[in-house]
Amino acid sequence: MRFISILLFAGSRLAETSPLNEVKETLNQVLAVVAEKPGDENKELRRKELRKVLEPRFDFDEMAKRSLGANWKDRTEEEQKEFVSIFSELLARTYVARIENVKPGMVQFENESVELPKALVKTTVKSEGSMFPIDYRLLLIDNQWKVYDVAIENIGLVANYRNEFSAIIRREEFSGLMKSLKEKVEKK
């Protein structure tokens, strides 16, 4: 009987933290920030508020680790921490700059699939007369769904970065990658 109670409790907790619902809630928060702080005069404040909304939903550590792929294990703990910091900053700035233009009705939620501890939330975005899929890959961490990859038109952000980073590391070593990322962060 105790086992059944534990399963029912776990099932109810997972239902409360549905990945689809959490992504929807995050989008609603984004829409509220965009509506409350429109225009170029509010750009800096709007982006700061958007980061507050997005940072708890994204697992930047996991994204950074997956983006380095096999090169992750070759880094010292200090290099890993520095990479996570720089990469997270670049990713957050890039994503915030793109999402700050979202408007009500642009995003349609298609479905979710869950295979613990992972989930996939499929959406379709309508923009400038065209439609394209954006899929969010999430991990259940401490009973919260966190995005660890975003696939735009079936191209995963993490895999894309991993290919780019591997090529840079082959040519310029890890120090060259870090220099490049720091320059990109300064430009954003």
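The values are calculated or read from the model by the stated rules, or taken from the named source; none is laboratory data. Predicted model only: the values in this text are computed from it and were never measured. Cβ placement follows ideal geometry from the backbone for every residue including glycine, while neighbour counts extend to all protein chains displayed. Side chains included, ligands, DNA and RNA excluded: accessible areas come from the protein's heavy atoms. Shrake-Rupley method; radii C 1.70, N 1.55, O 1.52, S 1.80 Å.
Summary of values
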item	result
Segment 67-106 - residue that is at pLDDT 95 or above and β-branched (Val, Ile, Thr) and, of those, most open to solvent (accessible area, probe 1.4 Å)	Thr76
Glu112 being under 28 Å from Lys187 (Cβ atoms), of a type in the set (D, E, K, R) and in contact (Cβ under 8 Å) with a residue 12 or more places away in the chain	no
Leading residue by the ranking (modelled with the lowest pLDDT) among those in segment 1-33 that are in contact with a strand residue (DSSP E or B) (Cβ under 8 Å, 6 or more places away or on another chain) and of a type outside the set (D, E, K, R)	Leu14
Residues of segment 115-144 satisfying the condition of being in contact (Cβ under 8 Å) with a residue 12 or more places away in the chain and hydroxyl-bearing (Ser, Thr, Tyr)	Thr123, Thr124, Ser127, Tyr136
Segment 16-35, residues that are in contact with a helix residue (DSSP H, G or I) (Cβ under 8 Å, 6 or more places away or on another chain) and either at positive phi or of a type outside the set (Ser, Thr, Tyr) (or both)	Gln29, Val30, Val33, Val34
Selected residue (criterion: farthest from Arg57 (Cα to Cα)) from residues of segment 119-131 that are in contact with a strand residue (DSSP E or B) (Cβ under 6 Å, 6 or more places away or on another chain) and open to solvent by 30 Å² or more (accessible area, probe 1.4 Å)	Met131
Selected residue [under 24 Å from Lys52 (Cα atoms), more than 15 Å from the chain's Cα centre (by Cα) and among the basic types (Lys, Arg)] from Lys122, Lys118, Lys103	Lys103
Pairs where the first residue, in segment 145-168, is touching a residue at least 24 places away in the same chain (Cβ under 8 Å) and of a type in the set (Lys, Arg) and the second is in a helix (DSSP H, G or I) and open to solvent by 40 Å² or more (accessible area, probe 1.4 Å), C-beta under 8 Å, 6+ apart	Lys146/Glu62; Arg162/Arg66
Counted residues, segment 156-188 - those being outside any helix (DSSP H, G or I) and within 14 Å of the chain's Cα centre (by Cα)	1
Leu181, sole failed condition from (1) touching an Asp or Glu at 6+ places or on another chain (Cβ under 6 Å); (2) under 26 Å from Glu44 (Cβ atoms); (3) in contact (Cβ under 8 Å) with a residue 40 or more places away in the chain	(1)
Among (1) open to solvent by 30 Å² or more (accessible area, probe 1.4 Å); (2) over 18 Å from Ser180 (Cβ atoms); (3) more than 11 Å from the chain's Cα centre (by Cα), the one test that Pro56 misses	(3)
